[in-house]
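To start, the structure under review is shown below, and the notes come after it.
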Amino acid sequence: MMRLHGIRGDAWKRYSNQGSWYYEIIEAGLKANMPDVLAALGLAQLKKAEAFHLRRCEIATHYLQRLSSIEELEMPPTGDVNGIHSWHLFILRLRPEMLTIGRNDLIHHLKQAGIGTSVHFIPLHLHPYYRDRYGYRSGDFPYSEDAYTRCISLPIYPDMSEADVERVATSVKQLLQRNCRSTPPICAD
């Protein structure tokens, strides 16, 4: 209903013998129905879904093997690497008390190295809409804010080459080695 102007779901019957021309908008909806061309593209992509998933599992396995010994990082929960987890994201959490570099600086240095990362997700209560509409403030949801300030999403997509994946893992590891608080660095091999 919401993807088609907020019109009641049975409004399409108005084009058939069973329906009437009359329809009602129940909610303030959107014009977000899928065009046929996009549906065709989606069907073609679905045929590749299993291969995409398997490749993401391979990348996640590589990251886990290369990075899970680094004490300054929390790895994502894995479940069954080849089945349950979708690996649409690979989110690391930093342990800032063990590092001399913050998450934002780490993202900056990786970007300079040609590695695009992101942050998933900014807590809703910190966005202007929710802050202004509902009066939420920083500190209202401390667990969400803690996870947010420590997380970084590494690239994980099916077209990554083995060299790309290794370059990401090596770059993260080297940056953390150069920025460990402990001496000698715990995250060094």
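Quick one: net charge around L41, please, counting Lys, Arg +1 and Asp, Glu -1 for every other residue with C-beta under 13 Å from its C-beta.
Numbers: positive: K47, K48; negative: D36.
Result for the local shell: +1.
Report, in deg cm²/dmol and to the nearest 500, the calculated mean residue ellipticity at 222 nm for the chain, where each DSSP H run with n ≥ 4 adds -39500 (n - 2.57) and the sum is divided by the residue count. The partial results should precede the final answer.
Numbers: 6 runs with 73 residues, N = 189.
Helices in the chain give a 222 nm mean residue ellipticity of -12000 deg cm²/dmol.
State the extension gain, in nm to one decimal, for the chain segment bounded by I122 and L30, taking 0.36 nm per residue of separation less the distance between their alpha-carbons.
Values: separation 92, 0.36 × 92 = 33.12 nm, distance 2.44 nm.
My answer for the length gained is 30.7 nm.
Alpha carbons only, please: Rg and Dmax for the range 1-125, in angstrom.
Cα radius of gyration and Dmax of the range 1-125 are 22.8, 71 Å respectively.
Suppose the chain between Y134 and E74 were pulled fully straight at 0.36 nm per residue; how much longer would it get relative to their current alpha carbon spacing?
On the way: separation 60, 0.36 × 60 = 21.60 nm, distance 3.25 nm.
Between Y134 and E74, full extension yields an extra 18.4 nm.
Apply 1/(1 + (r/R0)^6) to the Cβ-Cβ distance of Q177 and M2, taking R0 = 45 Å, and write down the FRET efficiency to the nearest 0.05. All intermediate terms of the calculation are to be shown ahead of the outcome.
Numbers: r = 49 Å, r/R0 = 1.09.
Efficiency for this residue pair is about 0.40.
Label-point separation (nm) for E166 and S86, each offset 7 Å from Cα along Cα-to-Cβ?
3.1 nm
Determine the principal axes of the Cα atoms in the range 47-178, then give the extent along each, sorted from largest to smallest and rounded to whole angstroms.
Computed over the range 47-178, the largest-to-smallest principal extents equal 46, 41, 26 Å.
Compute for the range 19-71: radius of gyration divided by Kirkwood radius, i.e. Rg/Rh, restricted to C-alpha atoms, rounded to two decimals. Write down the numbers at each step before the final one.
Numbers: Rg = 21.6 Å, Rh = 15.8 Å.
Radius of gyration relative to Kirkwood radius: 1.36.
Fewest first, what order do K47, K173, K13 take by the number of other Cβ atoms within 10 Å? Let's see the in-between values first.
Numbers: K47 8, K173 18, K13 13.
Placing the least packed residue first, the sequence is K47, K13, K173.
Rule-based calculations on the coordinates, nothing more; no lab input. Only a predicted model underlies this, so the values are computations on that prediction, with no experimental measurement involved. Here Cβ is always computed from backbone atoms with ideal geometry, including for glycine, and neighbour counts include all displayed protein chains.
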